[in-house]
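Below: the structure, in C-alpha cells.
The values are calculated or read from the model by the stated rules, or taken from the named source; none is laboratory data. The structure displayed is predicted, hence computed values, not measured ones. Cβ placement follows ideal geometry from the backbone for every residue including glycine, while neighbour counts extend to all protein chains displayed. What goes into the accessible areas is simple: the full protein's heavy atoms, side chains included, and nothing from ligands, DNA or RNA. Shrake-Rupley method; radii C 1.70, N 1.55, O 1.52, S 1.80 Å.
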Amino acid sequence: MTVQDVADVLKKDIDHVFKVLNFADKTGMTYTKDTVIHNPQVVRDIVKISGCRFKLVARPDAEMKDEENKDAVPAPPAAEEALRPRPPVVCVMGHVDHGKTTLLDALRDTAVVETEFGGITQHIGAFEVKLPSGGKVTFLDTPGHAAFTSMRSRGAHSTDIVVLVVAADDGVMEQTLESIRMAREANVPILVAINKIDKPGVNVERVLRGLAQHGVVCEQAGGEVQAVPVSALRRRNLDALLEALTLQAQLMQLRADPAGQVEGVVIEALVDPRTGKQATVLVRRGTLRRGCTLVAGAGWAKVRILRSAEGASIEEAPPSCPVVVLGWRELPAAGDLVLEVASEKRAAEVMRWRAAQRMKEKQQSDSEVIEAK
Ligand code: GDP
Ligand code: MG
C-alpha cells in the first residue's frame, strides 16, 4: 500500500504519516504520497506510533505478485585480462596449545614493526603482513575452527590457505585431524607450520610421518604439501613461513579484478564506544574507497573512514585487504556478503527489498492489509 493508502485507512493527515515514517523507516529514504511501503513492519510501526487500533491481516485475494527483484547482486566473473595477483587470505588452525595464538601474535608484531605508527595493532579480525619481497599475506586473527567456518559466504570460501600448526613435541592430535578434514571439505590447501622446534629433543620427522599417515604428505616426505619448521615463541623461521605462503599463493594463481564493483565479506561488526558502528571488511574484488556506498546483509554504509589494523586512515583497500569501515547506518553481521551499490537511494531500495524478504521468510508476508481490530 502507498503512503496515501495508509493515511486514508488510519484516517490521519498525510503529513502525520510522513512524520511517523521518519521514525518507522530507518533506511532514510524519501517518501511521496504514492510511494509503496513494501515493508509490513514499517506499516505496523506507523499504526503503533499513531496510537491507532488497527492490525495487519492477510488479504486472501492478494497473493504475492511476482515482484521485480530489487536486491543487490555480485557482478559476473571478471574478464581474464582484468585479473591481477592478490595476497592470500590465511586461517591458522590446529590442536589446542600447539601455538596458534603465539604464532599470530608473532606475525602481528612483524606487521607492526613495519609501520610508522609503532602502536599496538588492534584486533580487527584480520591483519596484513608486508614481506620484504613486496608481497603481502592477510591473516584471519581468530585461530581455529570458528574463524574458518565463519569465512564461508554464499558458498565461496574466503580463506585461501590453512596454516596447520602442529607442535613438534606433541605431533598429530585430534584437532589436527579435524582441521585437516575441514580444510579438505572446503577444498582449501594446507601449509604445515611445525612449531616449537626450539624445544629440546623434538622430532620433526615423526610429525611428518604422522601427517603422511593421514594423507598430508609434505615435500620432505616426497609429497606436495609445504611444511616449515618454526618457533612461534622464539620467532624463528617466520620469514620462511611467509615466503612459503606467497609461493603457495603463486601456485594457486590467486587473482582478482581490482576495478569494478566492490565485493567483500564482513569479518566482524561492532559498536565501538569511541567511533560508533564499525565493521571489518575483507575485500574480495574491486577497490574499496571512501565515499563508496555498501550494502551487507541487513546493513548499509556510506563509507566515511577506512582504517588499517594499525589505526591508520587509508585511502583505498584493494583485493585481500582487511579494512575497518566507518559510516554504517545499520550494522551488518559477521559473514555477510558486502556489495557496492551505485547510490544511497539504491542502498535504501536494497534494504527495503531485503527487509521485505525477511518478513516473507517469517511468513508475515506483505500480502497483508490493515484492518480495524
Ligand atoms: P593455541 O592454543 O594453539 O593458541 O596455543 P598457544 O599459542 O596459546 O600456545 C600454547 C603454549 O605453547 C603457550 O604456553 C606458548 O607459550 C607455548 N608455545 C607456543 N609456541 C611455542 C614455541 O614455538 N616454542 C615453545 N617452546 N613454546 C611455544
Ligand atoms: Mg589460542
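Here the average projected area of the convex hull drawn through the C-alpha atoms of the range 142-195 stands at 3.6 nm².
Rounded to the nearest 500 deg cm²/dmol, what is the calculated helix-only ellipticity per residue at 222 nm for the chain, with -39500 (n - 2.57) per DSSP H run of length n ≥ 4? Could the numbers behind the result be given before it?
Working: 9 runs with 104 residues, N = 373.
Using -39500 (n - 2.57) per qualifying helix, the result is -8500 deg cm²/dmol.
Evaluating 6.51 cos²θ - 1.76 cosθ + 1.60 at θ = phi - 60° for every residue in the range 207-223, the Karplus couplings come out as 5, 4, 5, x, 5, 4, 4, 10, x, 9, 8, 7, 3, 4, 10, x, x Hz, glycine and proline recorded as x. Say the dipole of the range 143-215 comes from +1 at the beta carbon of Lys and Arg and -1 at that of Asp and Glu; which of Val165, Ala147, Pro200 then lies farthest toward its positive end? Checked the options; the winner is Ala147.
When you filter the trypsin sites (Lys or Arg not before Pro) in the range 204-306 for DSSP loop state and at most 10 other Cβ atoms inside 10 Å of their Cβ, you are left with Arg274. For the range 313-321, backbone phi angles converted through the Karplus equation (6.51, -1.76, 1.60; θ = phi - 60°) give residue-by-residue couplings of 6, 10, 7, 8, 10, x, x, 6, 8 Hz, Gly and Pro being listed as x.
All Cα-Cα separations within the range 141-293 were binned at 5 Å from zero, giving a P(r) of 2, 8, 15, 17, 18, 14, 10, 8, 5, 3, 1, 0, each value a whole percent of the pairs.
Placing one identical point scatterer on every Cα of the chain and ignoring solvent, what is log10 I(q)/I(0) from the Debye formula at q = 0.07, 0.08, 0.14 Å⁻¹? Each listed q corresponds, in turn, to -0.41, -0.51, -1.10. In this structure the chain gives 49 Å² per residue of accessible area when probed at 1.4 Å with all protein chains present.
Please identify every one of the GluC sites (Glu not before Pro) in the range 180-234 that sits in a loop by DSSP and has no more than 14 other beta carbons within 10 Å of its own beta carbon.
Values: sites: Glu185, Glu205, Glu219, Glu224; in loops: Glu224.
Here the sparse-neighbourhood loop sites are Glu224.
With a 1.4 Å probe and every protein chain kept in, tell me what percent of the accessible surface of the chain is carbon plus sulfur. Numbers along the way, then the final one.
Working: 9100 of 18210 Å².
Of the solvent-accessible surface of the chain, carbon and sulfur hold 50 percent.
Given a 1.4 Å probe and the protein chains as shown, Thr246 ends up with an accessible area of around 20 Å².
For the range 247-373, the mean projected area of the C-alpha convex hull, equal to one quarter of the hull surface, is 11.0 nm².
What lysines could a cross-link reach from Lys48, if we take a straight Cα to Cα line under 25 Å and drop same-chain neighbours fewer than 8 places away? Output for Lys48: Lys11, Lys12, Lys19, Lys26, Lys33, Lys360, Lys362, Lys373.
Expressed as an acute angle from 0 to 90° and rounded to the nearest 10, what is the orientation of the C-alpha long axis of helix 174-185 relative to the principal long axis of the chain? On a 0 to 90 degree scale, this one is about 60.
When the surface is traced with a 1.4 Å probe over the full set of protein chains, His38 keeps roughly 60 Å² accessible.
Within the range 1-109, the percentage of alpha carbon pairs spaced more than 20 angstrom apart rounds to 63%.
For Leu337, the solvent-accessible surface computed with a 1.4 Å probe is close to 20 Å², ligands and nucleic acids excluded. Of the residues Ala249, Ala78, Ala298, the one that moves most in a GNM of the chain with alpha-carbon contacts below 10 Å is Ala78.
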